[in-house]
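Input: one structure, supplied below.
The values are calculated or read from the model by the stated rules, or taken from the named source; none is laboratory data. This structure is a prediction, so every number in the text was calculated from the model and none was measured. Methodologically, a virtual Cβ is constructed for each residue, glycine included, from the backbone with ideal geometry; neighbour enumeration extends over all protein chains shown. Side chains are part of the model used for accessible areas, which takes the heavy atoms of the whole protein and leaves out ligands, DNA and RNA. Shrake-Rupley method; radii C 1.70, N 1.55, O 1.52, S 1.80 Å.
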Amino acid sequence: MENQENGNQIVYVLTNPAMPGLVKIGLTTRENPQLRMDELYSTGVPFPFECVIAKQIEEARAGQLEQALHTAFKPYRVNPSREFFAIEIYQVKALLCAWPGTDVTPQVNKETEALPDVEREAGKRFESRKPKRPNLNFDEMGIPTGSLLVSSDTGEEATVIEPKKVRFRGEEMALHRATQLALNVEYKIKPLHYWTFNGRSLQEIYDKRYPLE
């Protein structure tokens, strides 16, 4: 990777196959964030970290952004002395993408390719062995046709019309699309956290119907 411009820092988001459901949000003053990833990949971590997004930002604002992200996701911080958060990747990626700066993710990931193949592939093999839970199905979740789902963010209602479809704003669509419209976003999003049925989160209902083994 080319050297950072003077006074710039890099805010990054990392994941690790050994830590499902967690993301690390950090900042580095190093010219190459890959060096920070290498530091984190110690003997106590079975797989290398993967960079979801890394953004080069002027020094005066980089610290503000990191602090803002940590504050926004404080309820989901799993340890106050560690920068790990139990959130979905898209939640933090969307915020970081909207912040002014230079996306250096491709350069970081390109340098990750320098790792031995056996190390880079270990995490992928582990991911492929994890059991997959079923796709969203309202019938199987005990939510019959005609039920009203309520957006946790806007209070809007969506009507279940099929096991995998709702009617929202007068149109038939999948719940993930209704979520995008309700939140006014276009990036990929997992919808279950954003809707309730009879006062219960759809994520809670889904987890009870399809518990993790």
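Using a probe of 1.4 angstrom, how much of the accessible area of region 43-95 is carbon and sulfur, in percent? Walk me through the numbers on the way to the answer.
On the way: 1460 of 2870 Å².
Answer for region 43-95 is 51 percent, counting heavy atoms of protein chains only.
Further, regarding this structure: Convert each backbone phi in region 92-104 into a coupling constant with the Karplus relation 6.51 cos²θ - 1.76 cosθ + 1.60 (shift: θ = phi - 60°), then list the ³J(HN,Hα) values in order as whole Hz, x for Gly and Pro.
Along region 92-104, the couplings run 7, 5, 4, 5, 5, 4, 7, 7, x, x, 10, 6, 10 Hz.
Read phi for every residue in region 73-81 and hand back ³J(HN,Hα) as whole Hz from Karplus 6.51 cos²θ - 1.76 cosθ + 1.60, θ = phi - 60°, with x for Gly and Pro.
With coefficients 6.51, -1.76 and 1.60, one gets 9, 3, x, 10, 6, 7, 8, x, 9 Hz.
Same structure again: At a probe size of 1.4 Å, how large is the accessible area of residue 82, to the nearest 10 Å²?
Probe radius 1.4 Å; accessible area of residue 82 about 130 Å².
Taking θ as phi - 60°, what are the ³J(HN,Hα) couplings along region 8-13 by the Karplus curve (6.51, -1.76, 1.60), each to the nearest whole Hz, with x for Gly and Pro?
8, 10, 10, 9, 10, 10
Tell me, what is the FRET efficiency for residue 86 and residue 159 to the nearest 0.05, using R0 = 25 angstrom and their Cβ-Cβ distance as r?
Numbers: r = 31 Å, r/R0 = 1.24.
The formula returns an efficiency of 0.20 here.
Just in region 138-204: which chymotrypsin sites (Phe, Trp or Tyr not before Pro) are loop by DSSP and have at most 12 other Cβ atoms within 10 Å?
Passing sites in region 138-204 are 187.
Once amide H atoms are built 1.01 Å from N in the peptide plane, which residues 5 or more positions from residue 84, or in another chain, come under 5 Å H to H?
Amide H to amide H, under 5 Å and 5 or more residues apart or across chains, residue 84 pairs with 78, 79.
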